[in-house]
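Here is the structure we will look at, set down as C-alpha cells.
Every number in this text was worked out from the coordinates using simple rules, so none of it is lab data. Computed from a predicted model, the values in this text were never measured in an experiment.
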Amino acid sequence: MKAVHEAINLREGNLIAVYLCEKGVPAEVRGGAHHSVRGELYNIRGLLPEVWVLDDADAPRAKAFVQDYLELLRKAPEGEPWTCPACGEVLEPQFQSCWKCQGERQA
Ligand SMILES: [Zn+2]
C-alpha cells in the first residue's frame, strides 16, 4: 500500500481512485474523516484524503495517471455539472457517463 496523491477533498479523492481502477490500477481513498469537524483543520497534512494504490509496484504509473487526470480536469470544457438520471449523482461536465452506476448522460 502506498499513497500516490493527496486530494483536496473526498470527492476528488474518489474520482481519482475510480479513474485509477478504470486504468487497471487498484486504488482506494483513505483518511479525510475529519473534514467537517472544524474548518481550520482542513488543510493540516494527514487529515486530507489520500489516494493509495494497493500494490506498491503500481505507484509510478499511478502517479502518471493522476497527473493525466488533473490535466484533464484543468482542460475541462465549459459547462455545468449534471445529475445522473439513474442514481442522482452530480457529475462534472467533462464526463459523459456516471462513475457510480455507469448511467449515460442525457442530451
Ligand atoms: Zn449514476
Sorted by chain and number, the residues with a modelled amide H under 5 Å from that of V4, at a separation of 5 or more or across chains, are V51, W52, V53
Enumerate the calculated ³J(HN,Hα) couplings along the range 12-18 in order (Karplus 6.51 cos²θ - 1.76 cosθ + 1.60, θ = phi - 60°), each rounded to whole Hz, writing x wherever the residue is Gly or Pro. 5, x, 5, 4, 5, 4, 5
Quick one: Karplus J couplings for the range 97-104, per residue in order, coefficients 6.51, -1.76, 1.60, θ = phi - 60°, nearest Hz, x for Gly and Pro? 9, 7, 6, 7, 10, 6, x, 7
Table column - 3J(HN,Hα) (Hz), the range 90-95, Karplus curve with 6.51, -1.76, 1.60, x for Gly and Pro: 8, 10, 5, x, 6, 8
